[in-house]
Amino acid sequence: MGGTGQPDQSGTTTNSSADTADKIKETETSKDTSGSSENPDETINSEQTAVTANLPVSSNKDNWALYVIGNDNPLPNDFTVEVKTVAGERTLDKRCADYAIQMLNDAKSQGVGLYVTSAYRSIQYQADNLQNYISRLMAQGYTKEEATKQAHKEIALPGHSEHNAGLAMDIVSNDYWSNHSDLDESFDKLPQYEWLINNSWKYGFILSYPKGKEDITGFIYEPWHYRFVGLEHAKKIHEVYEATGEFLTVNEYIEQYFSG
Ligand SMILES: [Zn+2]
């Protein structure tokens, strides 16, 4: 199989991490979090109330946010998105940025310090990151072919990541990087993870890559990665979780609610 480009239907896909880019850590590693101090908008709260009131909540209007991005569904090469700042230098598609800002502000006001370690990443950034990693492996003695194969296992291809769409954020605790050198599964032991699971749906975000769903998503379990699907869809997906303990992936949700 040639990397992760064309997984078949039998679940033999090699799962990659969507977030190896973050493991290298993006250049800005400030521990200052939640973005409020750097947000240029001083009247954020009053504006948000107004914006939220005007944001679409019906399924039909939220459907724009449901598109699947993954190994089988890359973004087009000419994909562009208008982004808006959500925290520090982190940006998201402006259609979901206000929801993210509200979530971060509400978490902060509840004493839960969240740190957005990555959000929108351009396809070019993803391509550069992949190339840098291949170069690094070659410097360690891999042939170009081996390095490319290995890199494709670990890093989402350009255009294959929800980050490229501006819909996803990687969120950890304020002090996460003081205790970890990497994004890893242990994040799900932290209270910040609990808060995200219990609250992110209220702002239209869901856990994209749940444990046990690796064959469906094509990505490893990523308890730090949250993706916008809109308020109503996130609510339904959360209701399934409350009832069964299962996190539906976007693919599964679309199949269950929109097929036939
Ligand atoms: Zn991510």
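Coordinate-derived values only; no laboratory data. Please read these numbers as outputs of a predicted model, since none were measured by experiment. As a convention, Cβ positions derive from the backbone with ideal geometry for all residues, glycine included, and neighbour counts pool all protein chains shown.
What is the distance, in nm, between label points placed 7 Å from the Cα along the Cα-to-Cβ direction at Ser135 and at Val68?
Computed distance between label sites Ser135 and Val68 equals 3.6 nm.
What are the radius of gyration and Dmax of segment 145-225, computed over its Cα atoms and given in Å?
Taking only Cα atoms of segment 145-225, I get Rg and Dmax of 14.0, 45 Å.
Would you mind ranking Tyr142, Tyr257, Tyr226, Tyr176 by Cβ crowding within 10 Å, fewest neighbours first?
Tyr257, Tyr142, Tyr176, Tyr226
Given R₀ = 25 Å, what would the calculated FRET efficiency be for Gln124 paired with Asn251, taking r from the Cβ atoms and rounding to 0.05?
It comes to 0.40.
Which of the peptides 94-100, 203-209 is most tightly packed, and how do the rest follow, going by the mean number of other Cβ atoms within 10 Å of each residue?
Answer by packing, highest mean first, reads 203-209, 94-100.
Full-extension gain between Asn179 and Glu82, please, as 0.36 nm times their residue separation minus the C-alpha to C-alpha distance.
Result for the pair: 31.5 nm of gain on full extension.
Give me Thr148, Thr244 ranked fewest to most by other Cβ atoms within 10 Å of their Cβ, as a rough exposure proxy.
By the 10 Å Cβ count, ascending: Thr244, Thr148.
So how do His233, His152 line up by other beta-carbon neighbours within 10 Å, fewest first?
Numbers: His233 23, His152 19.
In order of increasing Cβ crowding within 10 Å: His152, His233.
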